[in-house]
Amino acid sequence: MLPPPGMPFPTPGYPAMAAPRGKSPSKWVLAGSVAAAAAVMAGAGLLIAVADKSSAPAGTTTVSESPTPVPAAPTMQTPTPTQAPVVPIDALPGLLLEPAVVNAIEGTTGMEIRPDPHAGSGSGFSDIKTDRPECQGIQHPAMVAALQGSGWISAQTQVLREPVEDWKHLVSNAVVNIPTAQLASDYAAGQAQAWARCAGKPLTSNAIGEAPVTWTVGPTSDRDGTVSVLLAQEGAAGWGCQRAMTVRNNVVIDTRSCGFNRTDQAVAIATKIADRVHVPS
């Protein structure tokens, strides 16, 4: 069911990014299956520094006052630390949930993978502006503006909803590959802090081609390493979205579930995705 006549439909929020004038609520969603190339990070790879070794000048000798040679002091060799195994980029598509699993969590049937109508030009990611740039990341999963500086290499995204004009559920998910587990954890921690700072204040989203939509941001919650927050669309008869984010190894799991009567759907989706993350031996 859509918001009452005359009310704007919800637009993507985390940035999952509902639609005005009789259109379905905005889908702030990320493009259905995009592996954002590491090309964006052209310079980000592994930089290996090789130390210079200088040899003693030719013809020099070491003279000892002792009548017998003095053995050289033993040297300690520090083992080179090895990087912990990480989840490879090609594992990302298999982490996202099948429509049947998402339907079960949402308590409905008929949701299917759909393209993101808010994807920016030449990008598979939702392009949603806001009057509060510091809260960009709370609107929709894997917003490029929020990922800036994280070191991210690639992302796989999906959007699901009913294939009708009066759809009642909208889900946006993303899994983001970051070089190391520490960097992934740092990114998620930064987003958790940003979400908390956005709580209790209105946030207006501006999706291309749609009327602005204002959200009321609730308090954040952190349970077992999964941070979540509820956003309620103003004047939309109870339409809202839950955002959730967690980390497994070097993968950031970013979800958004929109509809009426939001509870912990986004958290449940994030948990299911997290259960699929396995590090190669």
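Suppose the filter is among the aliphatic types (A, V, I, L, M), farther than 16 Å from H140 by Cα, modelled with pLDDT under 95 and surrounded by 19 or more Cβ atoms within 10 Å (Cβ to Cβ); does A184 pass it?
So A184 fails the test.
Quick one: count up the residues across region 243-281 that are acidic (D, E) and over 24 Å from C198 (Cα atoms).
Of the residues in that region, 1 qualify.
Can we say L95 is modelled with pLDDT of 95 or more, surrounded by 14 or more Cβ atoms within 10 Å (Cβ to Cβ) and over 14 Å from the mean Cα position of the chain (by Cα)?
It is false that L95 is modelled with pLDDT of 95 or more, surrounded by 14 or more Cβ atoms within 10 Å (Cβ to Cβ) and over 14 Å from the mean Cα position of the chain (by Cα).
In region 122-149, how many residues are surrounded by 19 or more Cβ atoms within 10 Å (Cβ to Cβ) and either under 23 Å from I89 (Cα atoms) or within 9 Å of the chain's Cα centre (by Cα) (or both)?
Looking only at that region, the number is 11.
Given the options A184, A174, name the one that is under 17 Å from the mean Cα position of the chain (by Cα), outside any strand (DSSP E or B) and closer than 22 Å to A268 by Cβ.
A184 is the lone residue from the list that is under 17 Å from the mean Cα position of the chain (by Cα), outside any strand (DSSP E or B) and closer than 22 Å to A268 by Cβ.
Return yes or no: is D254 among the acidic types (D, E) and buried (at least 20 other Cβ atoms within 10 Å of the Cβ)?
Against the criterion (among the acidic types (D, E) and buried (at least 20 other Cβ atoms within 10 Å of the Cβ)), D254 qualifies.
Scan region 98-124 for residues that are among the charged types (D, E, K, R), at pLDDT 95 or above and part of a strand (DSSP E or B) and jot them down.
E112
Quick check, is T157 crowded, with 18+ Cβ neighbours inside 10 Å, under 16 Å from D254 (Cα atoms), at pLDDT 95 or above and hydroxyl-bearing (S, T, Y)?
In short, no.
Scan region 187-201 for residues that are crowded, with 16+ Cβ neighbours inside 10 Å, out of contact with any Cys (no Cβ under 6 Å at 6 or more places or on another chain) and not aliphatic (A, V, I, L, M) and jot them down.
Once the filter is applied, which keeps residues that are crowded, with 16+ Cβ neighbours inside 10 Å, out of contact with any Cys (no Cβ under 6 Å at 6 or more places or on another chain) and not aliphatic (A, V, I, L, M), region 187-201 yields Y187, Q191, W195.
The values are calculated or read from the model by the stated rules, or taken from the named source; none is laboratory data. Computed from a prediction, not measured in an experiment: that's the story for all the values here. Virtual Cβ from ideal backbone geometry, glycine too; neighbours counted across all protein chains shown.
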